């Protein structure tokens, strides 16, 4: 067990860039071909390559993931672990607390260490973080028990006209952002908080403007360079791969006008 003198130190840490869900509000996002475990694995691999800690000293992996939208999502942290280059005998735990899943993974990893829970003295370090893809959202419902065509078996394109009665595609992103217990979507929560705490549109605009201005300043000054791991993205077979090394949601010409 841990004791009151136990401390936890965070070292290193790398992430992939953040890419918009859509390109030009109509084309699939740059990360639409990557799953959550692939993106999380990239982050783990980059972190291990940019820290002085030997990967043989990693005794546990705790990763957060909220949106289980791909066929390998069920493996979560396990998939991220092996994609990140860690041995198969390293335990891996997936945690979920919706938008706070990554932060929850950090908390769980720290609690394991301070409590001495599942702590390997020979491998005292843990990898913690999160992996998420909001660009891989579609699921096919009401199809279980039916004959699955070759295209579906290969996880390729599905002709929705041939699905039959009752079967339908749903966007996991839009569907999951609606909370049935609260009977509202995430955006409605923001509107409700605005009314409750009397936040004006002008105050919200100023806050948004300041956020974008600070993000642009940080990007242009190289503040994010040490934490972002560039990713090669193949958008089309006929187009050379491009290197994505900056967050795409940061706007260059934001005004309050």
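Residue 44 - would you say it is touching a residue at least 40 places away in the same chain (Cβ under 8 Å) and either over 12 Å from the mean Cα position of the chain (by Cα) or loosely packed, with under 15 Cβ neighbours inside 10 Å (or both)? Yes. When the helices (runs of 4 or more DSSP H) confined to segment 144-203 are screened for residues that are modelled with pLDDT of 70 or more, those reaching at least 1 such residues are found at 172-176, 186-196. Residue 232 meets the conditions (1) surrounded by 12 or more Cβ atoms within 10 Å (Cβ to Cβ); (2) touching a strand residue (DSSP E or B) at 6+ places or on another chain (Cβ under 8 Å) in every case but one. The failed one is (1).
Restricting the search to strands (runs of 3 or more DSSP E) fully inside segment 49-139 and requiring at least 3 residues that are farther than 20 Å from residue 229 by Cβ and at pLDDT 95 or above gives 92-95.
The values are calculated or read from the model by the stated rules, or taken from the named source; none is laboratory data. Computed from a prediction, not measured in an experiment: that's the story for all the values here. Backbone-built Cβ (ideal geometry, glycine too); neighbour counts: all protein chains shown.
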